[in-house]
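Asker: Here's a structure for you.
The values are calculated or read from the model by the stated rules, or taken from the named source; none is laboratory data. Since the model is a prediction, treat every value here as computed from it, not as a measurement. All Cβ positions, glycine included, derive from the backbone under ideal geometry; neighbour counts span all protein chains shown. The accessibility values were calculated without ligands, DNA or RNA, using every heavy atom of the protein model including side chains. Shrake-Rupley method; radii C 1.70, N 1.55, O 1.52, S 1.80 Å.
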Amino acid sequence: MSSRKYYRAHWMLALVLAVAALGLNGCFSDHMRRSGRSSSVVAFLYPDIKEPIAPSSIPVLRLPLRVGIAFVPMGGGKNPNYYPAGSGLSEMQKNQLLQRVAAEFKGRDYIESIEIVPTTYLRPGGGFDNLEQVRRMLNFDVVALVAFDQVQFTNENVLSLAYWTIVGAYVVHGNKNDTQTLMEAAVYDIASRNLLFRAPGASQVKAGSTLVDTDRRLREDSGKGFEQATDDLIKNLKTQLEDFRVRVRQAPETVARIEHKPGYKGGGALGWEFAATLAMLAGVRWWLRRR
Amino acid sequence: MPWVTGFVAALALVVYIAPGGEGLWALERGRTLNGEAWRLWTGHLVHFGAAHLAWDLLVVVVAGGWAERVAAGRTRPFYLIAPPIIAAVLLVAAPELTAYGGLSGVGVGLVALLAVERLRGDGRSERWFWWMVLAVVGAKLALESGGRLGPLTPFADPAVRSVPLAHAAGLVCGVGFGLARKR
């Protein structure tokens, strides 16, 4: 083959490859994956009812309260738009998140105990009847139901061109991941079926990953998203709880009636830490006087 | 001679050791409001466990004994007047509390009374110490009130909870007595 024909053939091949790369890059850039998982308090409590019936009596809260806290199960109801059961947080992850929420509220003098309810105790679409069964089993008065919605997107950016090289798929961060998480806690008095108050928590986690590492990174982002949303949820729950307490004090006949259980004992205790701190201070004073 | 402090400490020991002490002497809401007014004083002598008694007594004996030596004219009336004030605050502001016991409210008051008394009388070199004491009391109250500090001493009875309001009432009484005109 003459040298001219040789060079022309090579130029043609390079041109074809460049056009193919640009065209495929367009395909990659438009490629997006989306996945999600969610649960719903309404779907759990009112599975077969389009319009929930408003409770007819105001709640009576007997202090100190025994509180249950649970993630509502996913699925349930006849609405085909709800995500099917089976995907989402593992029981261990749910337990850890609920322990964090419970730890923030334990020790308050109007809360006697906070019980973590395993999601397996609740049936999808179980409703208040299911809650009543669990309430009698675990002995709590008020329940905080936690629901979540998490959506994850992953897009490839221009760096994903490097995926054409095998090494690029391992080292180049050509994927952009976006994880959006929304959580909600709704606190119900089970006996009267009244919603006492609710609070949201939200987070967004953005990160990059390599092609090979995308699934692992998305799982990590999912966990991080729930952690950050839980932080936000705890902050908002505290605010809503204080607002609820103020509303109860100002309008007990319309919001909730407070009664006190017998046997609530209180003690004033100074403790060894207080005594030790004062003793240390006295020791420093004595040492300075001696100098 | 801090004999009033010694007498109060001895009484607390006797109430703890004697059987049925809690039922006879604790500040029980229903019985107090029905006429058993002595509980406004004796409620502070009741303790819910040996550790509870030991740490409360330690602070009361040291702070109360010192305060009684340097300001007997204000400390001795404090032992008489502050306990029913603290008890009354609990009855009014903590209606969910059905029974109360512990010398810590009185103890916090004695520490505050002593600190204020010393700040009024001590030379410049000692003031830092008494301000630090008041700061420690303030920090304890702030942490307790914010729910960040559970009971510093676990009570033998798990149903018993710490009552920061008693410490706050004791602090106010102690500062008030500390600022009262010297006799």
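Asker: Leaving out ligands, DNA and RNA but keeping every protein chain, what accessible area does A:SER57 have, in Å² rounded to the nearest 10, with a 1.4 Å probe?
Answerer: Rounded to the nearest 10, the figure is 60 Å².
Asker: Considering only Cα-Cα distances, which of the following residue pairs are longer than 19 Å: A:LYS176/A:LYS224; A:LYS94/A:LYS206; A:LYS176/A:LYS206; A:LYS106/A:LYS265?
Answerer: Listed pairs above 19 Å: A:LYS94/A:LYS206.
Asker: Let me ask something additional. Mind listing the phi-derived Karplus ³J(HN,Hα) values for the stretch A:158-168, rounded to whole Hz, using 6.51, -1.76 and 1.60 with θ = phi - 60°, and x for any glycine or proline?
Answerer: My calculation for the stretch A:158-168 gives 4, 5, 5, 3, 5, 5, 4, 8, 4, 5, x Hz in order.
Asker: Moving to a separate point now. Can you tell me which aspartates and glutamates have their Cα less than 20 Å from the Cα of A:LYS261? Leave out same-chain residues fewer than eight positions away.
Answerer: Of all the aspartates and glutamates, those that pass the test against A:LYS261 - Cα under 20 Å, at least 8 places apart if same chain - are A:ASP109, A:GLU112, A:GLU115, A:ASP141, A:ASP189, A:GLU253, B:GLU22, B:GLU28, B:GLU96, B:ASP157.
Asker: Now for a different question. Mind giving me the FRET efficiency for B:VAL14 and B:LEU179? R0 is 22 Å, r the Cβ-Cβ distance, nearest 0.05 is fine.
Answerer: Efficiency for this residue pair is about 0.10.
Asker: Still on this structure, I have one more. Enumerate the amide H contacts of A:SER40 below 5 Å, restricted to partners 5 or more residues apart or on another chain; note that Pro and chain-start residues carry no placed amide H.
Answerer: Result for A:SER40 returns A:GLY75.
Asker: Also, quick follow-up: Points 7 angstrom from Cα along the Cβ direction at A:ALA202 and A:ASN95: gap in nanometres?
Answerer: So the two model labels end up 3.2 nm from each other.
Asker: Show A:ILE166, A:ILE258 ordered by accessible area, largest first, where the area counts protein heavy atoms only and the probe is 1.4 Å. Provide the component values of the computation, followed by the final result.
Answerer: Working: A:ILE166 135, A:ILE258 65 Å².
The residues order as A:ILE166, A:ILE258, largest area first.
Asker: Ordering A:VAL143, B:VAL61, A:VAL171, B:VAL92 from largest to smallest accessible area (1.4 angstrom probe), what's the sequence?
Answerer: Ranked from most to least accessible, the order is B:VAL92, A:VAL171, B:VAL61, A:VAL143.
Asker: List, largest first, the extents of the alpha carbons of the stretch A:178-229 along their principal axes, each in whole Å.
Answerer: Result for the stretch A:178-229: principal-axis Cα extents of 52, 15, 12 Å.
Asker: Averaged across B:103-111, how many Cβ atoms of other chains sit within 10 Å of each residue's Cβ atom?
Answerer: 3
Asker: For A:SER35 and A:LYS238, compute 0.36 nm times the residue count separating them, minus their Cα-Cα distance, and round to one decimal in nm.
Answerer: Result: 70.0 nm gained on full extension.
Asker: Pop a pseudo-label 7 angstrom from the Cα along the beta-carbon direction at both A:ASP213 and A:GLN133 and give the gap in nm to one decimal.
Answerer: So the two model labels end up 4.6 nm from each other.
Asker: Right, something else. Any idea of B:LEU11's accessible area? Nearest 10 Å², probe 1.4 Å.
Answerer: Answer for B:LEU11: close to 70 Å² accessible.
Asker: Starting from the Cα of B:ALA88, move 7 Å in the Cα-to-Cβ direction to define the label point; list residues of the stretch B:39-61 whose amide nitrogen is under 18 Å from there.
Answerer: The answer is B:39-44.
Asker: To the nearest whole percent, what portion of all C-alpha pairs in the protein assembly as shown is separated by more than 33 angstrom?
Answerer: 56
Asker: Could I ask something else about it? If you count only protein heavy atoms and use a 1.4 Å probe, how large is the accessible surface of A:LEU241, to the nearest 10 Å²?
Answerer: Accessible surface of A:LEU241 is approximately 20 Å².
Asker: Let me ask something additional. Which of the helices in chain B meet the span-like rule: DSSP H, Cα axial reach of 18 Å or more, Kyte-Doolittle mean at least -0.5? Could you put the intermediate results ahead of the total?
Answerer: On the way: long enough: B:3-17 (21 Å, 2.25); B:72-93 (31 Å, 1.31); B:104-121 (25 Å, 1.15); B:124-145 (32 Å, 0.43); B:164-179 (23 Å, 1.51).
The qualifying helices are B:3-17, B:72-93, B:104-121, B:124-145, B:164-179.
Asker: If I compute solvent accessible area with a 1.4 Å probe over the protein chains, what percent of it on the stretch A:77-227 is carbon and sulfur? Walk me through the numbers before you get to the answer.
Answerer: Values: 4030 of 7450 Å².
After summing per-atom areas, the C and S share lands at 54 percent.
Asker: Further, regarding this structure: Taking only the Cα atoms of the stretch A:106-179, how large is their convex hull per residue, in Å³?
Answerer: Values: hull volume 12.9 nm³, N = 74.
Taking the convex hull of the Cα positions in the stretch A:106-179, it is 174 Å³ per residue.
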